[in-house]
Amino acid sequence: MSDQRPEIEALFAERREFQPPAGLAQQANAGPGLYQEAEADYEGFWAKQAGSRLSWTKPWDKVLEWELPYAKWFIGGQLNAAYNCVDRHVEGGLGEKVAYYWEGEPGDTRTLTYADLQAEVNKCANALTELGVKTGDRVGIYMPMIPELPIAMLACAKIGAPHVVVFGGFSSDALEGRMIDSEAVALITSDGAWRNGKVLDLKTAADVAVANATTIKNVLVVKRTGNDVAMQEGRDHWWHDIVERQSDQFDPVPVDSEHLLYLLHTSGTTAKPKGIMHTTGGYLTGVSTTHHYIFDIKPNDVYWCAADIGWVTGHSYIVYGPLANATTSVMYEGAPMFPEPDRWWSIVEKYKVNILYCAPTAIRAFMKQGETWPAKHDLSSLRILGTVGEPINPEAWLWYHATIGGSNCPVVDTWWQTETGMILITPLPGVTTLRPGSATTPFPGISAKVVDAEGNEVPNGSGGGYLVLNRPWPSMLRGVYKDPDRFMNTYWKRFPGMYFAGDGCKVDSDGYFWLMGRVDDVMKVSGHRISTTEVESALVDHHSVAEAAVVGRSDPITGEAISAFVILKANVEASDALAAELREHVAEKIGHIARPKQLLFTPELPKTRSGKIMRRLLRDIAENRPLGDVTTLADSGIVETIREKAGAGESE
Ligand code: WTA
C-alpha cells in the first residue's frame, strides 16, 4: 500500500435487487447448475470448455500444471488462435456471417464477413512474412479503431508472432518504452486517427518512437486519415502497397498451448509499465467461455463492446472472445459524443445491437447529457448490458438499467484485470439476482476471497479487505515480460499462495462481492489504469520541477481525476501558464488520458518522519475535506501551508 491508509471500511449497503427476466432465464446459455459443475471439478470444467469450444491440431496431455506462481494449461496441446477465430468458422459454413459491422467516426462504414476477415488476415500474414516476421517475433501495433487493427492482431496470431498493441491515445514516449521492452521487430500503424472530428497524427509519434526502438526494422502504415506523413525509404511501407498484392491463402502455424499470444503493458506502482504475458490455449478458453455465458451470446446476436482494442477489454471482448464464438460485433472508431451525444444510441438503433458492454465513466457522461438523447432512438433491440473497468455507482447502474435497458435488460457488472485476461467476478444474466453496485459472485470455477492485512479470510458480512484469487484459471497472466521478480513481488508475495489483485473489496452476508477501488498507487481515470508514479516522473522530467506528488481524487464523471502537487525549482515562478505547460508536458510524455485535471504548486509535501509522502493527506486536500490522522506527519504545519499557498494552480 502507498501509505498508512486505514483498513478499508465497508460503509455501503445497497439493497435493491433485480431478478433475471423470466424469458431470458429460460433460454439462457448458463443455468444455475454451472456453478456446481465447475466447483465439483474445476480442471474438468475448463478441460470440457477447451475441448468443446476450440479446435486443437494436437490434443493436450495434461490439463493443468500449477507450480505457484506459474500455471500452465493444456500442456502439450497445439492450436492456432487465428484459425480458431476465423478459418474454422468459414470452413464450418459461416463465411457469409458478419464478423464486424464497422463504423468510422466521419460516418463511413465497412462490413466484414468471416470470409472477408479470413482473406484480409491471410494477406496481412503474407505481408508480415515478406517483411521478415517469424513465429515468436514480437510485433508492435499502434492504431486507431479501424478494421486493420484486429486484422493485424490476427495476422500476427496466424504466424505465431506475439503482438504488442499500444493504445492509439498514448504518446510516442509510451510507445517507445513498450517497443523497447518487447524488442519488437516491426510496427503496424496508420497515418492518423479520427477523434472528435480532428486528425491525430499517429505516424509522426510512431517515427519518434521507432528512432529509438532500434529493433524495429519495418513499419507498415495504413492510410486512414490522408494527412501528409513522411515515409522512410526501406523501412516504411504503405499497407495498400504491400498487403493488397499478397495471396489470400496462408497456412496457420500451430503453436503450443503455452506459446505467447500477446504482451499488453499496464501500469503498476512504478513508472515502468509491466508487459503482461498471455498465452494461447488457456487464454482462448477463458475468453470464449466467459463471453458465451456472461453475455448469453446467441448465434444471431449483434454484440457491441464499446471499449478500445488498445486495452485488455478490447483484446478479450472485441477480438478473441467474440471471434472464437463466431459472433457478429459492432466496432466504432471514434469519440462517443461525436458529432452529438446520441452517436452511440444511433449505432444501437442502426445495427439493432442486442448486447452492449461499456465503462461506467461512459454511462456517467451520457447520464449528464440527459435522457433526451437516448430517447430519440429505438433501443428495444437491447437484451443485455455490461460494464467494466471501475466500480459502478448504483445511481449510474440504475440509469443504465432504466434509460438504456428499458428496465428489462440485466446489467452484468464484470470485474477483471489486464492480468486476469478474462472476466472473473460477474453475474450470469439468466441466473443471478442483481444488486446495483455489486459485481456479484465469482464466475463458475473461479475462487476469490477477501482477506485482512494478515491474509486471514474476512467472514462474509463483516467488513472490507483485500481481494485475492486462490486457484489458477486458464487465462491468467503467465508472467511479467523479462521480469520474473516483479511478477512475484507484485502479485504473489503479499499473501503467500494467493494472487493479490490490488483491489479493496467486501463480501456481504449473501456472498456478493462489492469492489471498492484500488489499494495501491494505481488510479482509474475514465476506467484507464494510470500509475501515480508514472505521472510524477513525467512531471519531474520537466526542467522547472523539483518534486511532484500525484493522487487520484474522486470525480463524478471519470471516477477518479488526477491531482498533481508540484514543488518548483528555486527561482522558478509559479504561474497559470506554467501549470498549463506542465499539464501538457504530462500529456506529451504519457498521453492525453494522463493529463492532470488539477495542478497545484506547493512549497513542501507532507511527509512522514521517514520521508514517505503521505498521499492520504494530499487526497484530503485535493478533495477539500477535513484532514485525516496527521500524527505521523513530520511537520504538522505543512498541510495548512499547502492549503493556503495552493492558490496558484490550474484546473481544466
Ligand atoms: C478495476 C480492466 C470495480 C479494478 C478490465 C481492477 C473494476 C482494474 C471492475 C483493472 C468492476 C475493473 N468493478 N472495479 N467491474 N472492473 N475494475 O487492467 O480496480 O485496465 O483492478 O482491466 O480495474 O484494470 P485493467
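The values are calculated or read from the model by the stated rules, or taken from the named source; none is laboratory data. Please read all numbers here as calculations on a predicted model, not as lab measurements. All Cβ positions, even for glycine, are placed from backbone atoms using ideal geometry, and neighbour counts span all protein chains on display. Note: accessible area is taken over every heavy atom of the protein model, side chains too, but ligands, DNA and RNA are not part of it. Shrake-Rupley method; radii C 1.70, N 1.55, O 1.52, S 1.80 Å.
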Evaluate the following for THR313: is it more than 18 Å from the chain's Cα centre (by Cα) and closer than 22 Å to TRP345 by Cβ?
no
Which of the following residues is more than 23 Å from VAL586 (Cα to Cα) and within 17 Å of the chain's Cα centre (by Cα): LEU149, LEU154, LEU175?
LEU149
Please indicate, with yes or no, whether at least one residue in region 323-343 is over 15 Å from the mean Cα position of the chain (by Cα), under 26 Å from PRO472 (Cβ atoms) and within 16 Å of the ligand (Cβ to nearest atom).
no
Out of (1) open to solvent by less than 10 Å² (accessible area, probe 1.4 Å); (2) among the aliphatic types (A, V, I, L, M); (3) free of Cβ contacts under 8 Å to residues at least 24 places away in the same chain, the one ALA402 does not meet is (1)
With the first residue restricted to region 419-441 and required to be closer than 21 Å to ASN470 by Cβ and open to solvent by 10 Å² or more (accessible area, probe 1.4 Å), and the second required to be of a type in the set (Gly, Ala, Ser) and more than 14 Å from the ligand (Cβ to nearest atom), Cβ contacts under 9 Å at 6 or more apart or on different chains are THR441/GLY511
Pick from region 243-264, criterion aliphatic (A, V, I, L, M) and touching a strand residue (DSSP E or B) at 6+ places or on another chain (Cβ under 9 Å), ranking: most open to solvent (accessible area, probe 1.4 Å):
LEU260
With the requirement that a residue be of a type in the set (Lys, Arg) and surrounded by 22 or more Cβ atoms within 10 Å (Cβ to Cβ), what does region 296-335 give you?
none
Within region 371-387, does at least one residue satisfy the condition of being outside any loop (DSSP other than H, G, I, E, B), crowded, with 23+ Cβ neighbours inside 10 Å and under 20 Å from the mean Cα position of the chain (by Cα)?
yes
Among what's in region 181-213 and is in a loop (DSSP other than H, G, I, E, B) and open to solvent by 70 Å² or more (accessible area, probe 1.4 Å), pick the residue that is farthest from GLU340 (Cα to Cα).
GLU183
Among what's in region 576-593 and is of a type in the set (Gly, Ala, Ser) and crowded, with 18+ Cβ neighbours inside 10 Å, pick the residue that is nearest to the chain's Cα centre (by Cα).
GLY591
Taking the stated definitions as given, is ALA546 among the small types (Gly, Ala, Ser), away from the ligand (no atom under 11 Å from the Cβ), in contact (Cβ under 8 Å) with a residue 12 or more places away in the chain and open to solvent by 20 Å² or more (accessible area, probe 1.4 Å)?
yes
Can you say whether HIS292 is within 12 Å of the ligand (Cβ to nearest atom) and not in a strand (DSSP E or B), as far as the supplied structure shows?
no
From the list SER190, SER172, which one is touching a Pro at 6+ places or on another chain (Cβ under 8 Å) and free of Cβ contacts under 8 Å to residues at least 60 places away in the same chain?
SER190
Condition test on PRO391, is it in a loop (DSSP other than H, G, I, E, B) and within 9 Å of the ligand (Cβ to nearest atom)?
yes
Which of the residues belonging to region 102-137 are touching an Asp or Glu at 6+ places or on another chain (Cβ under 7 Å) and either buried (at least 24 other Cβ atoms within 10 Å of the Cβ) or without any contact (Cβ under 8 Å) to a residue 12 or more places away in the chain (or both)?
THR109, GLN118, ASN122
Scan (1) within 13 Å of the ligand (Cβ to nearest atom); (2) within 21 Å of GLU371 (Cβ to Cβ); (3) in contact with a helix residue (DSSP H, G or I) (Cβ under 8 Å, 6 or more places away or on another chain) for the single condition VAL412 breaks and write down its number.
(2)
